[in-house]
């Protein structure tokens with residue numbers, strides 16, 4: 001579980017994030033402040049050539065995707081579901097779900113991201129919201145670390161990603177509660193998903209093909 005090597009941008013990641021995003025809130029979760037890309041921030045306007053030149057992966061962490069928003073909203077509306085539990089926010093992006101769990105009284109909250117810039121964004125966002133989140137800048141797939149609850153927001157957007165993570169998540173689901181929040185991505189598995197919540201998440205046509213994205217929260221089974 002090795003972390004990616006630092007790039008030019010990630011070596012000064014806190015400053016880079018501050019310079020290229022703005023602190024704001026996601027439409028469905030106004031309680032949480034995040035470093036986000038907006039129409040006025042440089043990272044929103046960046047081209048692929050600029051990202052490559054700066055050594056920056058596509059900044060998925062700078063957007064509050066529907067899955068993460070749905071998870072955070074569900075946690076804040078039902079804090080008893082996470083209170084006192086050991087929680088992992090897997091592929092956490094900017095950490096919106098992890099921060100919600102910390103606000104809701106989870107015993108411990110860890111957030112895993114393989115992008116070092118995303119990992120730093122989670123740290124900054126947690127500090128901004130005055131909560132404790134342990135950031136794991138590594139690929140946890142295959143590990144046997146113990147958690148009571150694992151949150152996965154918007155993780156089935158590509159076939160390789162789904163093939164990489166799903167067997168591991170199903171294995172963990174035999175002993176651990178695993179939630180998957182999905183807004184209708186193409187590679188969501190057809191079986192082994194029990195719906196436990198549904199949210200209509202406002203979004204942008206810059207990111208999605210509609211301004212409101214229905215997002216379903218599932219509990220993943222091991223079968």
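The values are calculated or read from the model by the stated rules, or taken from the named source; none is laboratory data. No experiment lies behind these values; they were computed from the predicted model shown. All Cβ positions, even for glycine, are placed from backbone atoms using ideal geometry, and neighbour counts span all protein chains on display.
Step by step: first the residues of region 33-55, then only those that are in contact with a helix residue (DSSP H, G or I) (Cβ under 7 Å, 6 or more places away or on another chain) and either without any contact (Cβ under 8 Å) to a residue 40 or more places away in the chain or exposed (fewer than 13 other Cβ atoms within 10 Å of the Cβ) (or both), then the one that is nearest to residue 97 (Cα to Cα). Which residue is that?
Result: 37.
What tally of residues in region 175-223 results from selecting those that are closer than 25 Å to residue 25 by Cβ, surrounded by fewer than 17 Cβ atoms within 10 Å (Cβ to Cβ) and modelled with pLDDT of 95 or more?
4
Is it fair to say residue 4 is at pLDDT below 95 and either in contact with a strand residue (DSSP E or B) (Cβ under 6 Å, 6 or more places away or on another chain) or over 25 Å from residue 169 (Cβ atoms) (or both)?
Judged against the criteria, residue 4 is not a match.
Test residue 111 against the criterion of being without any contact (Cβ under 8 Å) to a residue 60 or more places away in the chain, within 19 Å of residue 33 (Cα to Cα), in contact with a strand residue (DSSP E or B) (Cβ under 6 Å, 6 or more places away or on another chain) and buried (at least 24 other Cβ atoms within 10 Å of the Cβ), and give yes or no.
yes
Report, by residue number, each residue of region 183-205 that is free of Cβ contacts under 8 Å to residues at least 12 places away in the same chain and farther than 24 Å from residue 75 by Cα.
Within region 183-205, 190, 205 qualify.
Among the residues of region 65-94, which ones are touching a helix residue (DSSP H, G or I) at 6+ places or on another chain (Cβ under 6 Å) and part of a loop (DSSP other than H, G, I, E, B)?
82, 92, 93, 94
Collect the residues in region 114-144 that are part of a loop (DSSP other than H, G, I, E, B), more than 20 Å from residue 173 (Cα to Cα) and without any contact (Cβ under 8 Å) to a residue 60 or more places away in the chain, keeping them in residue-number order.
Scanning region 114-144 gives 130, 131, 132, 133.
In region 162-171, which residue that is surrounded by 15 or more Cβ atoms within 10 Å (Cβ to Cβ) and in contact (Cβ under 8 Å) with a residue 40 or more places away in the chain is farthest from the chain's Cα centre (by Cα)?
The selected residue is 170.
Taking the condition at pLDDT below 90, in contact with a helix residue (DSSP H, G or I) (Cβ under 8 Å, 6 or more places away or on another chain) and farther than 18 Å from residue 95 by Cα, does residue 58 pass?
Here the answer is no, as residue 58 does not meet what is asked.
Across region 123-160, what is the total count of residues that are within 21 Å of residue 215 (Cβ to Cβ) and either surrounded by 14 or more Cβ atoms within 10 Å (Cβ to Cβ) or in contact with a helix residue (DSSP H, G or I) (Cβ under 6 Å, 6 or more places away or on another chain) (or both)?
10
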